[in-house]
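Please read the structure below before turning to the comments.
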Amino acid sequence: MDFAANLVREDLAIFLQETEELLQLLDEDIVKLEHGGITPELLNEIFRAAHTIKGSAAMIGHQRMSELAHAMEAVFDELRKGTRSVDAELIDTLLTSLDTLKALKEELESSRNDGVDISLAISMLRKTLEKGGASPPYGQHLQWKATKMLQGTETKQKVQAALAAGYNVFLVTAQIDKNSSWHAVRCFQILAEASSLGEVICSVPTQKEIEEGKADFSIKLLLATRAEETELHKKISAVPELLELRITERYWEDEEPIIPPTTVTGPLQKTMGKTRQSVRIDIERLDSLMEQVGELVVNRNRLAQLSKLLETKYRGDEIIDELERSMIQTGKVVSMLQQDIMKIRMLPLEIVFTGFPRMVRDLARKAGKKIDFIIEGQETEVDRSIIEHIKDPLVHLLRNAVDHGIEPPEQRVAIGKPETGKITLSAYHEQNHIVITVSDDGKGLDPASIKQAAVEKGIITAEKAARLTDTEAIELIFVPRVSTAQRTTEVSGRGVGLDVVKTNIEALRGTVMVSSEKNKGTRFTLLLPLTLAVLSALLVEAGGTLCAIPLADVVEAAKLPAHNLKTIRGSKVIMWRDTVLSVLDLTTMFGWEKPDRAQDGDLDAVIVKGGDLKACLIVDSLKGQQDIVLKSLGNYLQGTRGIAGASILGDGNITLVLDIATLLSTAVGDKYRRQEYAGLNSRHDDRLVKIG
Amino acid sequence: MPTNGPTNEKHLVLFTIAGEKYAVDINSVYEIIRMQPVTRIPKAPFFVEGIINLRGKVVPIVDMRKRLGLGDIEQTKESRIMVVDSNGESVGIIVDAVTEVLRIPADAVEPPSNIIITTASDYMLGIAKRDGDMIVLLDLNRVLSKEDALAPVMAGKKTEQATSPAAAKTKEEEKLKATATVIEAG
C-alpha cells in the first residue's frame with residue numbers, strides 16, 4: 001500500500017479519526033449544496049475540508065487519496081469563485097468521489113488492499129472541470145515566501161480586514177527541536193492548532209510545502225483569531241518537540257488605524273466556535289461503570305436500611321448520629337454520581353440522523369422525485385441503548401416515505417401540489433419519552449386498498465373490512481402479512497415490512513402510531529422511553545415470588561370484588577369500566593400451585609396492556625411502585641417466555657420483571673394468525689374483546 | 001478439561017450427589033456458598049431451581065439431582081451451591097455436599113467405560129479411580145448446556161419426571177387456547 005515509510009500507528013489513528021470527521025462533514029455539506037444552501041461559509045467549509053484531507057493524506061503518503069481530494073478541491077474552488085453553478089450532475093460527481101474517498105479510508109482502516117480504484121471519480125471530476133473552465137494551478141494562492149509574507153500587499157489587506165472585523169492578529173514563530181525526525185509533522189500540527197483557533201492568513205512554510213516535505217525546523221505564521229494570546233500559546237505549546245515559541249501581536253508597525261466595522265465575516269466566525277473539549281471512552285467501560293453505579297445504589301439503599309435499624313436500637317448514641325449524617329451525605333453523592341453516569345450515556349440523535357440527508361437524496365434521485373428533507377431536533381439526547389436500535393426502523397420509514405409516499409413531480413403538479421415534496425424527520429422530548437416523527441406530504445395511505453389487501457390475504461373477512469373506519473384500516477399496515485401483500489401485488493405500493501418497524505420499536509418498549517390523509521400525507525410517530533437502564537415498575541406478589549410489572553404496561557391497579565368475576569364457557573371474565581376483560585391469574589399462568597382465592601371479598605388485580613391486548617391480572621398482593629434496574633437472566637435462562645429479566649431490590653431480594661406483551665400473547669394467542677381479526681376493535685374501543 | 005501445572009496432574013473439587021462421588025476441575029469453580037433462598041422462575045427447565053442474587057449478580061441455580069435424574073432434592077446442612085463456569089457464564093449447582101479438593105495424576109482418569117454408555121456418559125469427561133472409589137468427572141459445559149436443557153439426562157425411570165413439566169405446559173397452553181376461542185366466539 002502507498003504509505004510514507006516512517007508512519008507510526010498513532011499518527012495513522014489521528015489521521016483516520018480526523019478524516020472520518022471531515023468526510024462526514026463533506027457528506028452533509030454536499031447534500032446541503034444541492035438544496036440551495038449555497039453560502040460562502042458553506043463553500044469555504046467544504047473547500048477547507050477537502051483541502052485538509054488532501055494535505056494530511058499527502059503527509060502520510062497516501063497518493064490516491066491525496067490525488068482524489070485534490071481533484072475535488074479544484075471543483076470546490078470553482079464553486080467558491082462562482083465560476084460554476086451547482087446541478088444534480090455535479091452533486092452526483094462529488095458524491096461519487098466522496099464515496100471513493102470513504103472507500104480509500106476504509107481500506108486504510110482495515111489495513112487491507114482492496115485496490116480501490118479512483119480513476120472513475122477522477123475522470124468524472126476532470127470532465128466536470130473541462131466543461132466549466134480550467135482549474136487554477138494547484139495551491140497557487142498559497143505561494144508565499146518569507147519576505148512576501150511580511151510585505152506582500154495581499155497579506156496586508158487580509159490582516160487589515162481581519163483587524164477591522166475585530167480579530168486579533170498574531171505572528172507566531174516556532175522553533176522545532178533539531179533532533180526531531182518529525183519536524184514536518186510538528187509544523188503541520190502547529191498549523192492545525194493555530195487554525196483551530198482562527199484563520200491562518202499565511203505561513204512559511206505553507207501547508208503545501210510541508211506536504212511536499214519542504215519544511216524546515218521552524219515555522220512562521222500569521223493568525224487571525226478571537227482568542228487571546230495566552231490561549232493560543234497554550235494550544236501551540238502542546239505540540240511536542242517545541243524548542244521555542246514566540247507570539248507577537250501585529251507584525252508591522254505602520255498599519256493605519258482602521259474603523260472597526262460591525263460585521264464579522266462568515267468563515268472566520270465559523271472557525272471560532274468549533275473548539276470543543278471531549279474525551280473518547282470505550283463503550284464497554286461505560287457500561288461497566290453504569291452497572292457498578294447501579295450496584296452502588298442498591299448497596300446504598302441497604303446501608304440506609306441498616307442504619308435506620310441501628311438508629312431505632314441505639315437511639316441517641318453519638319456514633320449513630322454521626323453514622324446517619326454520613327449516610328445522608330453518601331446518599332447524595334451516590335445519587336449525583338448516578339445522574340451523571342446516566343447523562344454520559346446520553347447521546348444526541350444527530351449520530352443516527354447524520355447519514356439520512358444523503359440517503360434520502362440518493363433514494364429520491366433514483367426514484368426521479370424531488371424532495372426537501374428537513375431534520376428537526378437532532379440535538380435531542382437519548383440513551384445509547386436506544387440509539388443503537390433506532391436507526392433501522394427510521395431508515396425503513398424514510399425509505400417508505402420516499403418510495404411510496406412522495407409522488408413523482410408531474411403527478412404532484414397535476415393535483416396542484418408544489419413539485420418538490422417534503423419529508424420531515426423531527427425529534428423532541430415529551431415528559432419521560434422521546435417522540436420521533438417521520439412525516440411526508442405525499443399521497444397518503446389508501447384505506448380502501450389496504451382493506452382489499454387484508455381481505456385478499458384472509459386476514460379479515462369482507463364483512464369485517466366493510467365495518468372498519470379509515471383509521472382502523474390504516475392501522476392494518478402494521479399487520480405482518482398485509483404489508484407483504486402490498487409489496488408483492490403492488491396494490492397500493494405502500495407499507496413494505498412495516499410490521500418489522502413495529503416489532504423493533506416495541507422491543508425498545510416504545511410504540512408506533514400512524515396517521516394519514518389522502519393526498520395530504522402520512523405521519524408516523526414513534527414514542528420511545530428515555531432510557532432502558534432504569535424503569536419504573538409496579539411490584540406485585542404471585543405464588544410467593546415478587547414480580548415487577550413495568551409501569552408502561554399498567555393501565556390500573558385495583559381491588560376488584562370477587563363476585564364480579566363471571567364465567568363464560570369455563571373462562572373467567574370481568575366487567576371493567578363497561579369493558580369485558582379476560583381474567584388471568586398470574587400464579588396459574590406460571591404453572592405454579594393453584595392459589596386459594598377467596599370467593600367473596602376483594603381480589604388484588606392489575607389491568608395490564610401489552611401489544612394490542614388488555615387483560616386483568618389477578619395477583620396475591622400489590623406491593624407498590626419502585627424504580628428498578630433490569631438485569632438479564634443470562635444466556636442460560638434467556639428466552640423464558642413472559643419474563644423480561646430480573647432485578648435486585650434494595651434489600652437484596654430478587655424480583656422477576658414481567659414481559660406483559662409476551663405473557664398476554666401466549667395466553668390469548670397471536671390474534672394476527674387467526675382468521676378473524678378480533679383485536680382490531682380493542683385498539684380503538686380500549687377493549688380486549690366485545691361480547692354480545 | 002485443562003490440566004494444572006506441568007506435572008500433568010488434575011486438580012479437582014469433589015462433591016457428592018445422592019451418595020455418588022462427582023468431581024469438576026477446580027479452575028471452573030468460582031466459589032462455594034451455603035444454601036440460600038432461591039427465586040423460582042416460571043416455565044424454566046424443570047431442573048432449574050431459579051435464580052439468586054450473588055453480590056448484585058443474577059445467577060441461575062441448577063439442581064444437579066434433578067439434572068442427573070437422581071431423585072428429589074433433600075436439602076441438609078451439608079448442601080451447597082457451587083458457582084461454576086459453564087460456557088463462560090456463572091451457574092450455581094446444588095450438590096449434597098462438597099467433600100474435598102484433591103490432585104490426582106492425569107492418567108488415573110479413564111474414559112467412561114463402554115459398558116455405561118448411556119445418555120449420561122455424554123456428560124462425563126471420564127472416571128477417576130482412587131482407593132477403589134469411582135469418581136465421575138463431569139463435563140460442566142455439556143451437563144449445563146442450554147441446548148439440550150429439556151432433554152432428560154438418563155433414560156429410564158426418571159424420564160417421566162423429565163417430561164411431565166413439558167406436558168403440563170402443553171396442557172396449560174391448550175387450556176389458554178380454549179379460553180381464547182371462547183373469547184372470540186363471544
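The values are calculated or read from the model by the stated rules, or taken from the named source; none is laboratory data. No experiment lies behind these values; they were computed from the predicted model shown. Cβ sites come from the backbone with ideal geometry, for glycine too, and all protein chains shown count toward neighbours. Ligands, DNA and RNA are excluded from the accessible area calculation, which covers all protein heavy atoms including side chains. Shrake-Rupley method; radii C 1.70, N 1.55, O 1.52, S 1.80 Å.
Please compute the modelled spin-label separation between A:Val395 and A:Arg246, points set 7 Å along Cα→Cβ, answer in nm with one decimal.
Once both label points are built, they end up 5.7 nm from each other.
Determine the gain in length on full extension of the stretch A:Glu318-A:Arg126; use 0.36 nm per residue of separation and subtract their C-alpha separation, reporting nm with one decimal.
Fully extending the segment from A:Glu318 to A:Arg126 adds 60.6 nm.
PRE reach from B:Glu74 (point 7 Å along Cα→Cβ): which of the range B:13-51 fall under 20 Å by backbone N?
B:15-22, B:35-36
List the aspartates and glutamates whose Cα lies under 17 Å from the Cα of A:Lys451, skipping any in the same chain that are fewer than 8 positions away.
Within the straight-line cut-off, A:Lys451 pairs with A:Glu463, A:Asp470, A:Glu472, A:Glu475, A:Glu490, A:Asp499, A:Glu517, A:Glu676.
What FRET efficiency comes out for A:Thr511 versus B:Asn27 if R0 is 35 angstrom and r is the Cβ-Cβ distance? Round to the nearest 0.05.
Between A:Thr511 and B:Asn27 the formula returns 0.15.
Nearest 0.05, what FRET efficiency do A:Gln305 and A:Ala238 give at R0 = 41 Å with Cβ-Cβ as r?
0.25
Report the label-to-label distance for B:Arg55 and A:Arg597 in nanometres (one decimal), using points 7 Å from each Cα along the Cα→Cβ vector.
4.3
I need the calculated FRET efficiency for the pair A:Gln638 and A:Glu350, taking r as the beta carbon distance and R₀ as 30 Å, to the nearest 0.05.
It comes to 0.35.
Quick check: with the 1.4 Å probe, what order do B:Arg142, B:Arg34 take by accessible area, largest first?
The ranking, largest first, comes out as B:Arg34, B:Arg142.
Give, in nm to one decimal, the length gained when the segment between A:Glu430 and A:Ser181 is fully stretched (0.36 nm per residue of separation minus the Cα-Cα distance).
84.0 nm
Tell me the label-point distance for the pair B:Arg103, A:Glu109, using the 7 Å Cα-to-Cβ offset, in nm and rounded to one decimal.
With each label point 7 Å from Cα toward Cβ, the separation is 5.1 nm.
Counting only C-alpha contacts under 8 Å and six or more residues apart, can you give the relative contact order of the range B:9-150 as a whole percent?
After rounding, I find 27 percent.
Give the shape of the range A:266-385 as rounded, prolate or oblate, defined through the alpha-carbon gyration tensor: a ≥ b ≥ c are the square roots of its eigenvalues, a/c under 1.5 means rounded, and otherwise the shape is prolate if a/b is larger than b/c and oblate if not.
prolate
Given the Cα-Cα distance of A:Thr503 and A:Ala466 and 0.36 nm per residue of separation, how much length would full extension add, in nm?
Additional length available on full extension: 10.6 nm.
Between their Cα atoms, which of A:Lys422/A:Lys502; A:Lys308/B:Lys57; A:Lys422/A:Lys520 are more than 21 Å away from each other?
Check vs 21 Å cut-off fails for A:Lys422/A:Lys502; A:Lys308/B:Lys57.
Which is farthest toward the positive dipole end of the range B:9-150 among B:Ala44, B:Ile135, B:Ser28, measuring Cα position about the Cα centre, with Cβ charges +1 (Lys, Arg) and -1 (Asp, Glu)?
B:Ala44
Any chance you could list the semi-axes, whole Å, largest first, of the equivalent ellipsoid that the Cα gyration tensor gives for the range B:9-150, using √(5λ)?
Ellipsoid half-lengths, sorted descending, are 25, 17, 14 Å.
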